[in-house]
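Let me begin by presenting the structure, written as structure tokens, before commenting on it.
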Amino acid sequence: MNDTFKELKERMRKLDEFLTLRGQGNTELAQAVSQLHRAARKGDRSREPTPELRGLLDKAESIARRITG
């Protein structure tokens with residue numbers, strides 16, 4: 001796994017934790033995180049994350065920021 005993909009996976013773990021602790025009941029965040037996980041499973045971890053994968057990560061993090069206010 002390259003370093004960029006490793007960083008992406010760490011950010012995904014933080015989103016998972018946030019969803020578990022504070023995002024329960026927020027279907028928009030749950031769906032965004034689910035889409036992100038599906039795209040990451042399909043991705044090639046030996047290469048840079050695709051723009052689609054980065055976009056899904058940005059979308060999920062944006063939703064999480066809106067929840068925190």
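We did not get these values from a lab; they are worked out from the coordinates using the rules stated. Remember, predicted model here, so these are calculated numbers, not experimental data. When we count neighbours, we look across all protein chains shown, and the Cβ atoms used for this are built from the backbone with ideal geometry, even at glycine.
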Matching residues in the range 36-56 - criterion: being touching a helix residue (DSSP H, G or I) at 6+ places or on another chain (Cβ under 6 Å) and under 16 Å from residue 17 (Cα atoms): 36
The one condition in (1) more than 11 Å from the chain's Cα centre (by Cα); (2) free of Cβ contacts under 8 Å to residues at least 24 places away in the same chain that residue 10 fails to fulfil: (1)
Positions within the range 44-58 being acidic (Asp, Glu) and touching a residue at least 24 places away in the same chain (Cβ under 8 Å), in sequence order: 48
Looking only at the range 14-35, and only at residues there that are surrounded by 15 or more Cβ atoms within 10 Å (Cβ to Cβ) and among the small types (Gly, Ala, Ser), the one that is nearest to the chain's Cα centre (by Cα): 32
Single residue of the range 36-45 satisfying the filter (among the basic types (Lys, Arg) and surrounded by fewer than 13 Cβ atoms within 10 Å (Cβ to Cβ)) that is nearest to residue 60 (Cα to Cα): 38
Which numbered condition residue 23 misses (of (1) outside any helix (DSSP H, G or I); (2) without any contact (Cβ under 8 Å) to a residue 12 or more places away in the chain): (2)
Condition met for residue 48 (among the acidic types (Asp, Glu) and under 28 Å from residue 69 (Cα atoms)): no
Residues of the range 26-56 that turn out to be in contact with a Leu (Cβ under 6 Å, 6 or more places away or on another chain), in a helix (DSSP H, G or I) and within 19 Å of residue 2 (Cβ to Cβ), as a count: 3
